[in-house]
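Submitted below is the structure of interest, expressed as structure tokens.
Each reported figure results from applying straightforward, stated rules to the coordinates on display, with no laboratory input. Only a predicted model underlies this, so the values are computations on that prediction, with no experimental measurement involved. Quick reminder, even Gly has a Cβ in these numbers, built from the backbone with ideal geometry, and neighbours come from all protein chains shown.
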Amino acid sequence: MSSGDAAEQSRRFSVLSWEQVQRLDSILGETVPIHGRGNFPTLSVLPRQIVQVVRNRLEEKGIPVRDVKLNGSAASHVLHQDSGLGYKDLDLIFGLELPTDREFRQVKDVVLDCLLDFLPAGVNKDRITPLTLKEAYVQKLVKVCNDTDRWSLISLSNNTGKNVELKFVDSLRRQFEFSVDSFQITLDSLLLFDKCSATPMSESFHPTVLGESMYGDFEEALGHLRRQTIATRSPEEIRGGGLLKYCNLLVRGFRAGSEQEMKCLQRYMCSRFFIDFPDIGEQQRKLEAYLQNHFVGMEHRRYDYLVTLHRVVNESTVCLMGHERRQTLNLISMLALRVLAEQNIIPTVTNVTCYYQPAPYVRDINFNNYYIAHVQPLVPACSNSYQTWLPCN
């Protein structure tokens, strides 16, 4: 490696301050409930505890863990708590080797077996099978094996949207979407401190904790987080869900560095979204799941989010036939109206029809940027008709 490459690599890393280490310690020590389905009890889990249990059990099975890292919004929150992003899921990355299907199966079995350790005292564990635990406590189970990526994800259920996401990574080519969510914080030194030190942490006595930006330049990415700037590298590699994350950032006050960057990013985001989700049914399922999972406790922002998504798709979609584009815009409008109905801003409706008014008519009544969406009740005998305003094309 040349000196220039070494310098570039070193810029990826930064040692966390005492204040940041304190926030990290607080997150790892915060009890997270894992809610069971049906009659299964809620498990009370400390993130640091489940990391230690899973790691130890994997190594007992002959699968050494290189390191464990905190990723995603929780890592961003540790580095800068006033970014406006907050944090929801706890994304924990276990670095290890997954050369065959056998290791993938072992990882899944280990996690399910570890859940037994967190069941409340008095629960008869003898008749509880791994399949039963999976049905009771696992929200999502993903396995990816291809030429560039080998990883699996086990997401444990939480009814408030704060899922514990355990990701087991052998290789993963793209580990971030935007610079502000590119941070990974290595937990090993802090967890070792837990085991070895009888003296509590203090500003003058605490472990060295290392953070890394997968974006490339740690300080640059941290500057983006502080200034609420949207930036990325190789946007053509970001998968279709990147559009939904991009619009979420916009709603939270983040902006691209320039108008040109914004237009370029939006075109990439929209194109990839429609490549990955070409069917209107897939688009609806993806959007409904995103609204459900990413706006827990922020339901009042869902309408703003959908209006923003409508505008971005309307302005930046260049890869679709006209009817396909209108179909997607109508879907977003329908979801926005549903949100308004759920918030009692408009009466609850069961049948929604959206259509675009001609621009001259809109201009005549001084609503240059809006179209009328009429909501007709399903029962024909009801003569009431409601209307609301949404962004126009």
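Can you list, bin by bin at 10 Å, the percent of alpha carbon pairs in the chain, starting at 0?
4, 19, 28, 25, 15, 7, 2, 0
For all pairs of alpha-carbon atoms in the stretch 36-111, what percent lies in each bin of width 5 Å, listed from the first bin to the last filled one?
P(r) for the stretch 36-111, in whole percents per bin: 3, 13, 19, 19, 16, 15, 10, 4, 1.
Also: I want to check the label-to-label distance for residue 101 and residue 132. Put each point 7 Å from Cα in the C-beta direction and report it in nm to one decimal.
Taking the simple label geometry, residue 101 and residue 132 are separated by 2.7 nm.
In addition: Within the chain, how many Lys pairs sit with Cα atoms under 15 Å apart, leaving out pairs fewer than 8 places apart on the same chain?
Lysine pairs meeting the criterion: 15.
Go ahead and run the numbers for FRET between residue 44 and residue 172, Cβ-Cβ distance against an R0 of 51 Å, rounding to 0.05.
Using R0 = 51 Å, I get an efficiency of 0.95.
Within a Cβ distance under 12 Å of residue 276, other residues only, what is the Lys/Arg minus Asp/Glu net charge?
+1
For residue 289, what is the net charge nearby, where nearby means another residue's Cβ is under 11 Å from its Cβ and Lys, Arg count +1, Asp, Glu -1?
For residues surrounding residue 289, the net value is +1.
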